[in-house]
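Everything on this sheet refers to the single structure shown next.
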Amino acid sequence: MREKYSIYLALVTGALIVFLAVIFAWIQSPDLFEVTAGSADAIPHPLEGYRECETCHGVKADIPYTIRHLGWSIKSCTRCHAPSDTHDEAADGGAGIVSMDASGVQDQKMVKRTHQ
Amino acid sequence: MKHVVYGVFWIGIYLLITTAPIFVLLIGPGHPGRGFWREVSVALGFAGLAMIGIQFFLTGRFRAMTLPYGIDVVYHFHRAISLIAFVFIFLHPVILILSYPGTVMLLNPATAPWAMSAGLYSMLAFLVVIGTSIYRLALKLSYEVWRVIHTVAAVAAVALACVHLLGVNYYVEGPAKRGLWMAMAVGWILPLGYVRLVKPLMMRRRPYVVDSVTRERGDAWSLTLRPEGHDGMQFAPGQFAWITIGKSPFAVREHPISFSSSAMRKDQVTFTIKELGDFTSTIGGVVPGSCAYLDGPHGSFTVDRHAAVGFVLLAGGVGITPMMSMVRTLSDRKDRRPLWLFYGTTTVDEATFREELEVLEKGMNLRVIYVVSRPPNGWEGERGYISAEIMARYLPENRLGFEYFICGSQVMQQSAKVALEMLGIPLDQVQSESFNFV
């Protein structure tokens with residue numbers, strides 16, 4: 001009986017610790033739940049030829065993703081972000097590339113808005 | 001009520017110490033999250049490490065901590081929570097690998113960064129701790145050898161885990177957080193130093209001398225110790241102490257044995273030990289005049305903690321030892337409350353203290369009922385094992401007002417509890433102690 005009491009106490013303590021660990025993880029990375037809420041922005045360009053997301057959107061790239069995505073693998077990108085259905089290939093000459101001016105500022109802002 | 005309050009207090013402290021490090025990580029410059037499952041893995045790793053560290057406190061025999069629960073409950077909790085801590089530590093790399101399969105390369109010590117290898121070795125050291133504890137008898141490890149392995153491997157596991165987390169250096173950057181973790185690591189080892197160094201030094205100043213070693217019925221020996229140069233030990237009837245026999249209190253060879261003498265006697269203490277294992281079988285060879293040291297008293301298995309109108313003692317085999325302390329103490333106190341002793345024994349000849357119990361029965365309000373599993377021819381007393389039917393024949397109608405104490409083998413304790421339940425005795429009026437740890 002006393003041994004069982006100790007085991008129950010340990011199990012309850014362990015369960016509470018797991019619960020608090022999950023709370024911590026959710027504070028740090030709530031994205032697990034954002035995925036199901038469908039709040040991830042659509043990709044405004046086709047994926048063909050653009051599978052290496054980090055080339056343009058890595059932390060040190062020209063159009064960086066949000067710092068919260070640091071450490072995530074490329075496979076994670078398309079889990080949440082899908083190509084937009086309204087993407088018009090004809091508007092950008094069929095190349096499927098978001099146009100950028102010499103400084104790249106205008107289009108960086110546009111991309112950042114869609115990714116935030 | 002006081003013990004319930006203290007009990008809740010200590011559980012709260014435990015949760016605070018194991019989970020506060022997780023949330024301290026969030027203080028300071030923001031650390032970007034790296035994915036939900038990765039963060040769950042990290043949190044379990046930190047919590048698991050904190051849980052291992054606190055294990056040193058649980059076995060430090062601090063009375064303030066053990067009194068609310070009973071030291072046996074604390075030791076059983078130590079066992080159970082260590083398995084849970086190991087599951088957390090094991091899940092730490094498993095979740096990482098399942099979420100990011102590329103990280104499996106970090107398990108190869110030949111190519112992995114040193115911080116990762118330290119984590120791997122820490123987990124292996126912890127596996128040694130767990131494995132040798134669960135399978136001590138199967139591995140044929142003596143208690144003393146097991147104890148050394150247990151201590152060394154546990155210290156190695158904690159040290160290597162700290163090397164791992166400081167080497168990975170995520171969430172613990174900066175002198176404040178690193179200092180916190182190093183201070184925690186040192187703090188965890190302190191109870192070990194207290195038990196293995198400070199306490200033996202204190203015991204060395206309170207030595208005992210073996211006065212006599214007396215053969216008792218039932219392959220048992222009564223070891224009587226006399227305090228030398230001090231007043232002896234104040235204990236409650238039913239408690240126990242860790243005994244070390246020999247020249248040094250630093251010896252690893254110490255064992256928990258119940259007092260069998262009256263708590264009212266200050267000039268000497270007696271322990272009655274049945275020949276059962278590697279240590280107890282050597283008791284008969286102890287020479288009077290030998291030095292001995294006691295760490296105690298410990299335990300909450302005592303009549304002094306319960307105000308009841310009467311007591312019922314259920315003893316099986318060597319379980320008679322703490323009961324004898326209770327009976328002798330109540331006799332010396334001239335306590336007139338009714339006392340029943342149901343003594344389960346294999347044969348009548350093996351009933352330890354039989355003659356003394358006959359004398360005590362005449363001098364106090366005590367009734368001794370022997371329950372003999374192999375009765376001799378012509379035996380008119382109770383047969384078999386202590387059962388509800390047997391107890392119902394002797395206990396009065398107001399038995400719900402009594403406090404019940406059980407001491408014996410695991411099987412005997414379990415069957416006695418079932419029997420008491422059948423008699424309608426509430427379990428919170430049933431006391432027992434279980435010392436089958438390793």
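The values are calculated or read from the model by the stated rules, or taken from the named source; none is laboratory data. Please read these numbers as outputs of a predicted model, since none were measured by experiment. We place every Cβ from the backbone using ideal geometry, glycine too, and count neighbours over all the protein chains shown.
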For B:Met412, all conditions in the list (1) touching a Gly at 6+ places or on another chain (Cβ under 9 Å); (2) surrounded by fewer than 19 Cβ atoms within 10 Å (Cβ to Cβ); (3) not in a strand (DSSP E or B) hold save one; what is the number of the exception? (2)
Segment B:156-178, subset out of contact with any helix residue (DSSP H, G or I) (no Cβ under 9 Å at 6 or more places or on another chain) and either assigned to a helix (DSSP H, G or I) or modelled with pLDDT of 80 or more (or both), residue surrounded by the most Cβ atoms within 10 Å (Cβ to Cβ): B:Ala176
Of B:Leu91, B:Leu120, which residue is within 19 Å of B:Ile52 (Cβ to Cβ) and more than 14 Å from chain A (Cβ to nearest Cβ)? B:Leu120
Report, by residue number, each residue of segment B:179-211 that is at pLDDT below 85 and in contact with a strand residue (DSSP E or B) (Cβ under 9 Å, 6 or more places away or on another chain). B:Val195
Test B:Ala112 against the stated conditions and say whether it is modelled with pLDDT of 90 or more and surrounded by fewer than 19 Cβ atoms within 10 Å (Cβ to Cβ). no
Could you look through segment A:1-15, keep only residues that are at pLDDT below 90, part of a helix (DSSP H, G or I) and at the interface with another protein chain (Cβ under 7 Å from one of its Cβ atoms), and pick out the one that is farthest from B:Ala47 (Cα to Cα)? A:Arg2
Is it the case that segment B:109-128 has a residue that's within 17 Å of B:Thr18 (Cβ to Cβ) and not in a helix (DSSP H, G or I)? no
Out of everything in segment B:415-437 that is β-branched (Val, Ile, Thr) and either assigned to a helix (DSSP H, G or I) or within 11 Å of chain A (Cβ to nearest Cβ) (or both), what residue ends up being nearest to B:His255 (Cα to Cα)? B:Val430
What about B:Val359, is it β-branched (Val, Ile, Thr), modelled with pLDDT of 90 or more and over 30 Å from the mean Cα position of the chain (by Cα)? yes
Can B:Glu144 be described as among the acidic types (Asp, Glu) and either part of a helix (DSSP H, G or I) or crowded, with 18+ Cβ neighbours inside 10 Å (or both)? yes
Only one of these is assigned to a loop (DSSP other than H, G, I, E, B) and either within 29 Å of the chain's Cα centre (by Cα) or modelled with pLDDT of 95 or more (or both): B:Thr352, B:Thr329, B:Thr321. Name it. B:Thr352
Considering every residue within segment B:23-36, establish whether at least one is surrounded by 15 or more Cβ atoms within 10 Å (Cβ to Cβ) and more than 9 Å from chain A (Cβ to nearest Cβ). yes
Would you please list the contacts, defined by Cβ atoms under 6 Å and residues six or more apart or on different chains, that run from a residue in segment B:185-209 that is in contact (Cβ under 8 Å) with a residue 12 or more places away in the chain to a residue that is among the aromatic types (Phe, Trp, Tyr)? B:Trp188/B:Phe56; B:Pro191/B:Phe56; B:Pro191/B:Phe57; B:Leu192/B:Phe56; B:Pro200/B:Phe250; B:Met203/B:Tyr293
Based on what the data block shows, is B:Arg136 under 20 Å from the mean Cα position of the chain (by Cα), surrounded by 15 or more Cβ atoms within 10 Å (Cβ to Cβ) and outside any loop (DSSP other than H, G, I, E, B)? no
Looking for whichever is assigned to a helix (DSSP H, G or I), facing chain A (nearest Cβ under 10 Å), free of Cβ contacts under 8 Å to residues at least 24 places away in the same chain and on the phi < 0 side of the Ramachandran plot here; the options are B:Val74, B:Val104, B:Val42. Which one fits? B:Val74
Positions within segment B:291-309 being touching a helix residue (DSSP H, G or I) at 6+ places or on another chain (Cβ under 9 Å), assigned to a loop (DSSP other than H, G, I, E, B) and either at pLDDT 95 or above or aliphatic (A, V, I, L, M) (or both), in sequence order: B:Ala308, B:Val309
Got a number for residues in segment B:287-309 being crowded, with 17+ Cβ neighbours inside 10 Å and either hydrophobic (A, V, I, L, M, F, W, C) or farther than 27 Å from B:Arg196 by Cβ (or both)? 6
Which residues, taken from segment B:138-182, are farther than 20 Å from B:Ala43 by Cβ and of a type in the set (Ser, Thr, Tyr)? B:Ser142, B:Tyr143, B:Thr151
When segment B:258-273 is examined, which residues are found to be crowded, with 17+ Cβ neighbours inside 10 Å, of a type outside the set (Gly, Ala, Ser) and in contact (Cβ under 8 Å) with a residue 60 or more places away in the chain? B:Phe259, B:Val269, B:Thr272
Might you let me know whether segment B:371-386 holds any residue that is away from every other protein chain (no Cβ under 14 Å), surrounded by fewer than 19 Cβ atoms within 10 Å (Cβ to Cβ) and assigned to a strand (DSSP E or B)? yes
Residue within segment B:67-87 that is surrounded by fewer than 19 Cβ atoms within 10 Å (Cβ to Cβ), of a type in the set (Val, Ile, Thr) and under 18 Å from the mean Cα position of the chain (by Cα) present: no
Given (1) surrounded by 20 or more Cβ atoms within 10 Å (Cβ to Cβ); (2) touching a helix residue (DSSP H, G or I) at 6+ places or on another chain (Cβ under 6 Å); (3) under 22 Å from B:Ala153 (Cα atoms), B:Ser117 misses just (2)
If you go through segment B:55-66, how many residues are under 12 Å from B:Ala154 (Cβ atoms), in contact (Cβ under 8 Å) with a residue 60 or more places away in the chain and part of a helix (DSSP H, G or I)? 2
Considering every residue within segment B:128-142, establish whether at least one is at pLDDT 90 or above and of a type in the set (Phe, Trp, Tyr). yes
